[in-house]
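Encoded as structure tokens, the structure appears first; notes follow it.
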Amino acid sequence: MLNIVEAMDDPALFGRWFPGASWDPWRVVLKAAHGLPMTEAEADFFRSVADRDPPSRRARELWAVCGRRAGKDSIASAIVTWSAAMFDGADRLRPGERALCLCLACDKDQARIVLSYVRAYFAELEPLRAMVTRETKDGLELSNGVDIYVGVNDFRAVRGRTILCAVLDEIAYWRDENSASPDLELYRALKPGMATLPEAMLIGISSPYRRAGLLHAKHRQAYGRDGDTLVIRAPSAVMNPTLDQAEIDQAMAEDPAAARAEWLAEFRDDISGFLGLDLIEAAVDPTIVTRPPRGCYAPWIMKSAARLSMRHAKATTWSPARV
């Protein structure tokens, strides 16, 4: 079976969609996510975007924090297509059970972009076209027991399914009128569905936004740290060297705060609640669970309690003058 990087390089598969060296940054990231060997130059590049050494084994989660026009939708569609087409585990599914490869986006327009890419692979590549047994409104059903679904985030729709691959596209911008934290609710719904397939992988791929939400939490918890959760962060021009630097410079001149998020992949500091997360965390000591009352407040509390007690006594005491 071809690994995903070999499939990207194969002219008979994805090669025509990923030509040349401009896609090399993504090749390195995918090699890291799948525990594939790298050259020393590739390992150095990986360290520059992940702040850690390349992993020696396949990751269970990949979180890619990248700027606009970095090729995120193209990579997301390739991951979903490769994962679905290369699945060879029908003997591990119960009768009637089907594995699910899905890509969930922040809105319908974003979902349609990825769905169009996925359908193009299966329409134009003969080996993949032969696998399609039915085309649905939101995806495809394949002969190897895999369903492909591309749509808008909905944590209710994935419960009870066996998840082979889940791509969370532009997750930093997810909104849902029925949930205050749709990204976290969906994540919690997906993880149990991935437990029975060892090759299952969850990929969060997005431009950054505010310092809140699941994308920021994963970056804060796992960036630069070893483990099964792999986090990379890279500006647009790093992941897509073909971008015009003059356009990025103009955006930086017009709105530096927005441009740093859109093009440099930096989480925004100017969009937050009353107090920023960094300020709150700086004031918190995570090693302390409870604190005893401070002595300086005890006299004030005792005096206040005494005054309240005296007022209550006066209000309830019988007096002839009140009759």
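State all residues of the stretch 188-228 that are under 21 Å from Pro55 (Cα atoms), small (Gly, Ala, Ser) and open to solvent by less than 10 Å² (accessible area, probe 1.4 Å); if no residue qualifies, say none.
Ala200, Gly204
Looking only at helices (runs of 4 or more DSSP H) that lie completely in the stretch 24-127, which have at least 2 residues being closer than 23 Å to Phe267 by Cα?
The helices (runs of 4 or more DSSP H) meeting that bar are 24-33, 40-50, 72-85.
Being within 27 Å of Val118 (Cβ to Cβ), among the small types (Gly, Ala, Ser) and open to solvent by 20 Å² or more (accessible area, probe 1.4 Å) is the filter here, so list the residues in the stretch 29-70 that pass it.
Residue satisfying the conditions is Gly35 alone.
Only one of Ala64, Ala99, Ala78, Ala90 is over 20 Å from Tyr187 (Cβ atoms) and either at pLDDT 95 or above or among the β-branched types (Val, Ile, Thr) (or both); which?
After ruling out the rest, the residue left standing is Ala78.
Using beta carbons and a limit of 7 Å, which pairs, at least six apart or on different chains, have the first residue in the stretch 18-33 and in contact (Cβ under 8 Å) with a residue 12 or more places away in the chain and basic (Lys, Arg) and the second one outside any helix (DSSP H, G or I) and crowded, with 23+ Cβ neighbours inside 10 Å?
none
Out of curiosity, is Ala130 modelled with pLDDT of 95 or more, more than 11 Å from Val167 (Cα to Cα) and out of contact with any strand residue (DSSP E or B) (no Cβ under 9 Å at 6 or more places or on another chain)?
It is true that Ala130 is modelled with pLDDT of 95 or more, more than 11 Å from Val167 (Cα to Cα) and out of contact with any strand residue (DSSP E or B) (no Cβ under 9 Å at 6 or more places or on another chain).
Restrict the check to the stretch 150-157 and report whether at least one residue is closer than 28 Å to Ala59 by Cα, buried (at least 21 other Cβ atoms within 10 Å of the Cβ) and at pLDDT below 90.
yes
The values are calculated or read from the model by the stated rules, or taken from the named source; none is laboratory data. Nothing here was measured: the structure is a model prediction, and the numbers come from that model. Note that each Cβ is placed from the backbone with ideal geometry, even for glycine, and that neighbours are counted across all protein chains shown. Side chains are part of the model used for accessible areas, which takes the heavy atoms of the whole protein and leaves out ligands, DNA and RNA. Shrake-Rupley method; radii C 1.70, N 1.55, O 1.52, S 1.80 Å.
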